[in-house]
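Down below is the structure, laid out as structure tokens.
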Ligand code: 3PG
């Protein structure tokens, strides 16, 4: 799958809703109800980070949830890409980008949202054909002001920023013409998951969904 084809697929994912939940799942039993709660609140695109032992099984469990579009985050190596694809992830997200990771996504046919944080990193990915990129860690790297500035010389690259974004500052990003959506973990707090309070998560998702529109 070429970088251009990957970016076209990433664009579709990023246009589903203003927020992509970034999920850290510790308990496999949480995966399906969590996905249902987020989809019910209006957030269908879900990023499951490969940061816990159950992450791949969580992707498998969530892939069956109606209306959900499940991807794998924290992809660092070609092995991560293979495992994510095998688990049923339909898109991938990485904090940065290496040649080995990009090649694995091309070979495996997994649309990647590759991370970039400087003008040069953005340009290197653009040169390869990636027009949809992740900006991470967003708040720590200059936030919405940085993205607004980079939109002047490089307007053809669109971003999904993540890192330090919440209901409070999401609009600062979403109001920019080069921002497709934002990613964040605030819609799936650990406490609500531990308590099985799926209604609370649906409410957070609905608030996030209402950020645009
Ligand atoms: C991450 O990689 O953890 C994401 O960027 C989410 O960051 P957040 O927890 O600050 O929303």
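Can you pull out the residues in the stretch 148-173 that are within 15 Å of the ligand (Cβ to nearest atom) and in contact with a strand residue (DSSP E or B) (Cβ under 7 Å, 6 or more places away or on another chain)?
The answer is 159, 160, 161, 162, 165, 166, 170, 173.
Would you confirm, using the coordinates I've provided, whether residue 138 is buried (at least 23 other Cβ atoms within 10 Å of the Cβ), more than 18 Å from residue 15 (Cβ to Cβ) and either near the ligand (Cβ under 10 Å from one of its atoms) or modelled with pLDDT of 95 or more (or both)?
Yes.
In this structure, does residue 188 turn out to be assigned to a loop (DSSP other than H, G, I, E, B), away from the ligand (no atom under 14 Å from the Cβ) and touching a strand residue (DSSP E or B) at 6+ places or on another chain (Cβ under 7 Å)?
No, not satisfied.
Restricting attention to the stretch 89-119, report how many residues are surrounded by 16 or more Cβ atoms within 10 Å (Cβ to Cβ) and closer than 23 Å to residue 44 by Cα.
Counting residues in the stretch 89-119 that are surrounded by 16 or more Cβ atoms within 10 Å (Cβ to Cβ) and closer than 23 Å to residue 44 by Cα gives 14.
The values are calculated or read from the model by the stated rules, or taken from the named source; none is laboratory data. All values derive from a computational prediction rather than experimental measurement. Positions of Cβ are generated from backbone atoms using ideal geometry, with glycine treated the same way; all protein chains shown enter the neighbour counts.
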